[in-house]
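Right, one structure below, let's go through it.
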There are 2 protein chains.
Amino acid sequence: MVEAALRSGAASRRAVFEVFARQLPGGRRYGVVAGTGRVLDALEAFRFGDDELAFLRDNEVVDEPTLDFLAGYRFGGDVRGYPEGECYFPGSPIMTVEGTFAEAVLLETVILSILNHDCAIATAASRMVHAAGNRPIIEMGSRRTHEKAAVAAARAAYLCGFASTSNLMAGRVYGVPTAGTAAHAFTLLHDSEEQAFQAQIDSLGAGTTLLVDTYDVARAVRTAVELAGPSLGAVRLDSGDLCEVAREVRAQLDALGAHKTRIIVTSDLDEYAIAALASAPVDGYGVGTSLVTGSGVPTAALVYKLVAREDADGIMRPVAKRSVGKPSRGGLKQAFRSLDATGTAVAELVTVSGEPPADARPLQVPLVGDGEIVGRESLQAARDRHRAAVAELPVTAHQLSRGDAALPTVFD
Amino acid sequence: MVEAALRSGAASRRAVFEVFARQLPGGRRYGVVAGTGRVLDALEAFRFGDDELAFLRDNEVVDEPTLDFLAGYRFGGDVRGYPEGECYFPGSPIMTVEGTFAEAVLLETVILSILNHDCAIATAASRMVHAAGNRPIIEMGSRRTHEKAAVAAARAAYLCGFASTSNLMAGRVYGVPTAGTAAHAFTLLHDSEEQAFQAQIDSLGAGTTLLVDTYDVARAVRTAVELAGPSLGAVRLDSGDLCEVAREVRAQLDALGAHKTRIIVTSDLDEYAIAALASAPVDGYGVGTSLVTGSGVPTAALVYKLVAREDADGIMRPVAKRSVGKPSRGGLKQAFRSLDATGTAVAELVTVSGEPPADARPLQVPLVGDGEIVGRESLQAARDRHRAAVAELPVTAHQLSRGDAALPTVFD
C-alpha cells in the first residue's frame, strides 16, 4: 500500500485513522482502554533498521523509493486518545492518529496488536476485580500465554486492580508488585510434605503461603500449623470444590488457633468462579489462564480505519466504507461521557461537530504532538483512573452475563 | 521455591519434569506440537543479567545465595521431546526436562509459555488447512494479538501448512513466505476507486489482488477488469455472504473474460467458515483473528509436572501428586504411536517400562544433551513432518465437531 501510494502521490495526503470497536465481543458491558503507554513506547521505537531494510530489499517486498521512505521513517504526526484505564463502548474513538497517509498507515499493526491484546485482558481483569470485592487477586497466568504477552497481561491486570503478579519481568519493567507461590513440585521434591513445608518456612518465614493439596488437605493443614505455628501466613488450595474445601479448612484452622491464617484459592478461576466464592471463607485469589486469555475474549475486536483525508484540492474530507455489515463513520471525532446529576454515566457522546455538550466530561487527551510523546504517565495514575472510571458506571455495567453495553453510544 | 530448595539442599537433586496435556481443550481431536524450535532458542538465551539480578536484589525477591545461583545459571541438563509438527494426545509426554531440581524448575514458565501458545495456534491452523483442502491460506492476524505473539503465530501457522503470512517479521526471522493485501483505507485514500485501483496496478502490476468491497462489489469488479485486463491476478472479498458473493463475482469475472482471475475471501474466517465455503468458487483464504486466538482455544492447557526425582539415598523415584481431579502419573516415560497394517495410527502408547512395542514408531527425539542444543532443525522440516503426521491419523481426526481425541492414550 505504501509503495503504491508513494507512486500515485497519495502517500503524502493528510489522513486521520481512528481506533474503535464496532461492538464489545463476548457481550461485555464495557471495555477498558489498556496498552496506551505501550503504544507510546512502541511508536517512539518504530524505525526500520539495517536488518529490516535488507530483508525487504533482498526479498523484493518493496521497491527502492519505498525502502528510502522506510529508512527515514519517523512518525511526525499527532495522536489523541482515551487515556489508559478509561472505559469505552461501541464506537468510542479510543485513539486517533493524524499524519500523512504513509506515516499513519504503517502504524496500524503495532497499534492494533497492542490495544487489541491489552484491552481484552484489561476488560476481563476489571470484571474479576469487581467480582472479588475487597479480596486481592494475584495474576499468575504467564505459563498460559506467549512469553512476551505474559508481561503485557500482568501490566494490564495491575492497571485494573489486581494486587500483584508472579511475572518478575512485569515487576522489573513496569513496577508491578510481584508475588510468588510454591508449586506441587516443591512438595514432591522433598521426601515428605513435612520436610517441604519446613524448608519453605526456614527460608521464607512463618508468614509464607503453604500449598496444602498435594496429598491430603486436612493432614497438610495440620502439619502446616504444627510447623509454622498459628502465625502461618496462608494456605493455598488448588483443587477440589473450592467453596466446600475452603469452609472445611477455615474450620480446621480456627480449631487449631490459626485464626489469622489466610486461605488463598487457585485452579482455573475466572470472574464467574470468583463471584461464586463470594460467600466462602476465602481471603485471596490467584488467577491464571482466564486472565491471560481474556476469559473467553482474547482480542478486543478493535479496528483502525481511515475516517478523513485530504482530497486533490488539499481539503480534508470525511471518508467511510460501505461494506455490507461493516460500515464505518467518517470524520474526525470528539468524545464525551455524559453524566446525570448524581455523577453516574448515562451515555457516550461521539460527535464530529466538535461542540462540547453540557454535563459531559471530555474523554480524549493529547498523546503525541508533532511526533513527540506528550501523553506519558505512570501505571499508578492509569490504575487510579480506572478505579474512578468504573465507579462512575451504572450498576448494570457489573452484570457478568452477556448483554448490551452499559451505556448507549450517541453519534451526531 | 529455588531459594528454599537451595537452603534445604534439595535444589541439587536430580529431577525429571514432563510437559503434557491432561485433555485437549475445546474437544479437539488431536493437538499439534509447535514451538519446540523457539523453546531451544529461549533455553540457549536463558540467563540472568545485571538488570535482572539488580531488580531481584533491590526488591528483596530472593536472598544472596539464590542471587549467586542465578548469576551463574546455565542449563546443563537434558531435554527430550516430540519433534515439532508431530501430533499429540492427552497424556503424551511432549517434552521431558532432566537436570537438577533448581535448574529444571526455573524453565517451567518459559517452556510452558512458548508451547501453550504455539501448540494452541498450530492445532487451530492444522484444522483450517485441512478444511481448506488444496486452497492456500494467508495468515493475516497480527493486528488481533500481542505484537510478539503475532510473529510466533505466523510461524506456527506456516508449520501447519498455511501458505504465507502478512507478518514481515515472521518472514525475516523465520523465513515464512510473506504476502500483503490492500486495505479499504487505500481505496478511501484516493478520490475514486478507479484511481486507487490504477495506483495499485501501476505499482504492483496486473497480477495484484484488488479489494472490491469498499463501495459496490459489482461496480468494483467491472472497474478492476477494465483497468487490469483479463490477466488481473485476484479480487478480494471481505464482507457480506461470502458464498453468495463469490458465486456472483465468479460469474461476473467469467462474463468479462477474466477466467483466470482468482477470488480471495477474508472476514473473520475460521475452520467452520472455510469448510462451509468448500463448494463456493473461492481460490484462497485469508485468516486472521481466529488463527491467532486458536479459534476458541487460545492456550493448549499444557502443564509442567515433576514426575521423578532423586531421594535422600540418591535413587531416582517416580513422584505424583494426588490433588482431587488433577492427579499426575509418576515416572520418566517413553512414547510410541501404534500403527495398523495400513499405516494408520490406532493408539498413543505411553510407557514407563521403556519396552518398545511392536508396530509402533517412537515419538521422542533428543533436543538438548548436557546443556547443548542437539535438536535444531529447519521450519521446513517440521512442516513436512506435520503433513506426514496428520496423514497418518484416522479420518475421525478431521471431524470439526467437539469430541474425543482421535486416538486413545494407553499407559502401562
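For the protein assembly as shown, what ratio Rg/Rh do Cα atoms give with a Kirkwood hydrodynamic radius? Working shown, then result.
Details: Rg = 27.7 Å, Rh = 28.3 Å.
Across the protein assembly as shown, the Cα-based Rg/Rh ratio is 0.98.
Report the extension gain between B:Glu244 and B:Ser231 in nm, rounded to one decimal, defined as 0.36 nm multiplied by the number of residues separating them, less their alpha carbon distance. Walk me through the intermediate numbers first.
Values: separation 13, 0.36 × 13 = 4.68 nm, distance 2.36 nm.
Stretched fully, the B:Glu244-B:Ser231 segment lengthens by 2.3 nm.
Can you put A:Asp370, A:Asp270 in order of Cβ neighbours within 10 angstrom, beginning with the fewest?
On the way: A:Asp370 10, A:Asp270 21.
Ordered from fewest to most neighbouring Cβ atoms within 10 Å, A:Asp370, A:Asp270 come out as A:Asp370, A:Asp270.
Add +1 for every Lys or Arg and -1 for every Asp or Glu among the other residues with Cβ under 13 Å from the Cβ of B:Arg317, and state the total. Present the calculation step by step, with values, prior to reporting the outcome.
Working: positive: B:Arg13, B:Arg14, B:Arg309; negative: A:Asp191, B:Glu310, B:Asp311, B:Asp313.
Taking every other residue near B:Arg317 into account, the sum is -1.
GNM on chain B, C-alpha springs below 10 Å: top fluctuator among B:Leu67, B:Leu210, B:Leu291?
Looking only at B:Leu67, B:Leu210, B:Leu291, the largest GNM fluctuation is found for B:Leu67.
Rg(Cα) of the stretch B:182-265 divided by 2.2 N^0.38 Å?
Details: Rg = 11.4 Å, N = 84, 2.2 N^0.38 = 11.8 Å.
Against the empirical 2.2 N^0.38 Å value, I get 0.96 for the stretch B:182-265.
How far is the Cα center of the stretch A:365-398 from the Cα center of the stretch B:12-50, in Å?
Taking the Cα centre of the stretch B:12-50 as reference, the centre of the stretch A:365-398 is 37 Å away.
How large is the dipole of the stretch B:60-146 about the Cα centre if only Lys and Arg carry +1 and Asp and Glu carry -1, each at its Cβ, rounded to the nearest 20 debye? Provide the component values of the computation, followed by the final result.
Numbers: 6 positive and 12 negative charges, 178 e Å.
So the magnitude is around 860 debye.
With a cut-off of 8 Å between alpha carbons and a minimum separation of six or more residues, what is the relative contact order of chain A in percent? Before the final figure, lay out each step's value.
Details: 842 pairs, mean separation 100.8, N = 412.
Relative contact order, chain A: 24 percent.
Roughly what % antiparallel, to the nearest 5, for the DSSP beta bridges in chain B? Numbers along the way, then the final one.
Working: 36 of 54 bridges.
DSSP beta bridges in chain B are roughly 65 percent antiparallel.
Pairs of Cα atoms under 8 Å, at least six residues apart: use those to get the relative contact order of the stretch A:161-249, whole percent.
On the way: 90 pairs, mean separation 19.1, N = 89.
Once normalised by length, the contact order is 21 percent.
How big, in percent, is the set of alpha carbon pairs in the stretch A:1-93 lying more than 23 Å apart? Present the calculation step by step, with values, prior to reporting the outcome.
Values: 1971 of 4278 pairs.
Here the long-distance tail beyond 23 Å is 46 percent of all Cα pairs in the stretch A:1-93.
Among the complete DSSP H segments of chain A, which ones combine at least 30 Å of alpha-carbon extent along their axis with a mean Kyte-Doolittle hydropathy of 0.0 or more?
Values: long enough: A:108-132 (35 Å, 0.81).
Within chain A the helices that satisfy the rule are A:108-132.
Have a look at B:Tyr304, B:Tyr88, B:Tyr73 and tell me which one the Gaussian network model of chain B (Cα, springs below 10 Å) gives the largest fluctuation.
Of B:Tyr304, B:Tyr88, B:Tyr73, the Gaussian network model singles out B:Tyr73 as fluctuating most.
If you restrict to DSSP beta bridges whose two residues both lie in the protein assembly as shown, what percentage is antiparallel, to the nearest 5? If you can, show how the numbers build up before the last one.
Values: 72 of 108 bridges.
Close to 65 percent.
Kirkwood Rh over alpha-carbon pairs of the stretch A:133-295, then Stokes-Einstein at 4 °C and 1.567 mPa s: what D in µm² s⁻¹, rounded to an integer? If you can, show how the numbers build up before the last one.
On the way: Rh = 16.1 Å.
Translational diffusion coefficient: 80 µm²/s.
Using the beta-carbon distance between B:Arg329 and A:Asp313 and R0 = 60 Å, what value does 1/(1 + (r/R0)^6) give for FRET efficiency, to the nearest 0.05?
Numbers: r = 74 Å, r/R0 = 1.23.
Calculated transfer efficiency: 0.25.
What ranking of B:Ser92, B:Ser378, B:Ser328 emerges when the number of other C-beta atoms within 10 Å of each C-beta is taken as an exposure proxy, fewest first? Walk me through the intermediate numbers first.
Values: B:Ser92 30, B:Ser378 11, B:Ser328 20.
Fewest-to-most ranking of B:Ser92, B:Ser378, B:Ser328: B:Ser378, B:Ser328, B:Ser92.
Roughly how many debye, to the nearest 20, is the charge dipole of the stretch B:1-120 about its Cα centre, given +1 on each Lys and Arg Cβ, -1 on each Asp and Glu Cβ, and no other charges?
On the way: 11 positive and 19 negative charges, 146 e Å.
Magnitude of the dipole: close to 700 debye.
Most mobile of B:Val374, B:Val62, B:Val282 per a Gaussian network model of chain B (Cα springs, under 10 Å)?
Of the options given, B:Val62 has the highest mean-square fluctuation.
What is the spin-label model distance, in nm, from B:Ser378 to A:Glu372 if the labels are put 7 Å beyond Cα along the C-beta direction?
Label at B:Ser378, label at A:Glu372, 5.1 nm between them.
Can you tell me, using C-alpha contacts under 8 Å and at least 6 residues apart, the relative contact order of the stretch A:301-398 as a whole percent?
Numbers: 115 pairs, mean separation 17.5, N = 98.
Value for the stretch A:301-398: 18 percent.
For B:Phe411, what is the net charge nearby, where nearby means another residue's Cβ is under 15 Å from its Cβ and Lys, Arg count +1, Asp, Glu -1?
On the way: positive: B:Arg22, B:Lys305, B:Arg329, B:Lys333, B:Arg337; negative: B:Glu18, B:Glu348, B:Glu355, B:Asp412.
Net charge in that neighbourhood comes out at +1.
Per residue, what volume in Å³ does the convex hull of the Cα atoms of chain B enclose? Don't jump to the answer; show the numbers that get you there.
Working: hull volume 68.3 nm³, N = 412.
Spread over its residues, the Cα hull of chain B gives 166 Å³ apiece.
Sort A:Val352, B:Val245 by Cβ crowding within 10 Å, fewest neighbours at the top.
Numbers: A:Val352 17, B:Val245 21.
Final ranking by Cβ density, sparse to dense: A:Val352, B:Val245.
Local charge sum around A:Lys260 (other residues, Cβ-Cβ under 11 Å, Lys/Arg +1, Asp/Glu -1)? Please list the in-between numbers first.
Details: positive: A:Arg262; negative: A:Asp254, A:Asp283.
The answer is -1.
Taking the Cα centre as origin and putting +1 on Lys and Arg beta-carbons and -1 on Asp and Glu beta-carbons, what dipole magnitude results for chain A, to the nearest 20 debye? Could the numbers behind the result be given before it?
Numbers: 40 positive and 51 negative charges, 196 e Å.
Around 940 debye, computed over chain A.
Say R0 is 35 Å: what FRET efficiency, to the nearest 0.05, do B:Ser279 and B:Thr344 get from their beta-carbon distance?
Working: r = 28 Å, r/R0 = 0.79.
Rounded to the nearest 0.05, the efficiency is 0.80.
Put +1 on the Cβ of every Lys and Arg and -1 on every Asp and Glu Cβ in chain B; which of B:Ala104, B:Gly343, B:Ala5 then has its Cα farthest towards the positive end of the dipole?
Of B:Ala104, B:Gly343, B:Ala5, it is B:Gly343.
Find how many whole Å separate the alpha carbon centroid of the stretch B:52-128 from the alpha carbon centroid of the stretch A:199-273.
Their Cα centres are 27 Å away from one another.
Quick note: the coordinates plus some simple rules give every number you see, no bench work behind them. Note that the coordinates shown come from a computational prediction; the quantities given were computed from them, not determined experimentally. Cβ coordinates were reconstructed from backbone atoms using ideal geometry, including for glycine residues, and neighbour counts include every protein chain displayed.
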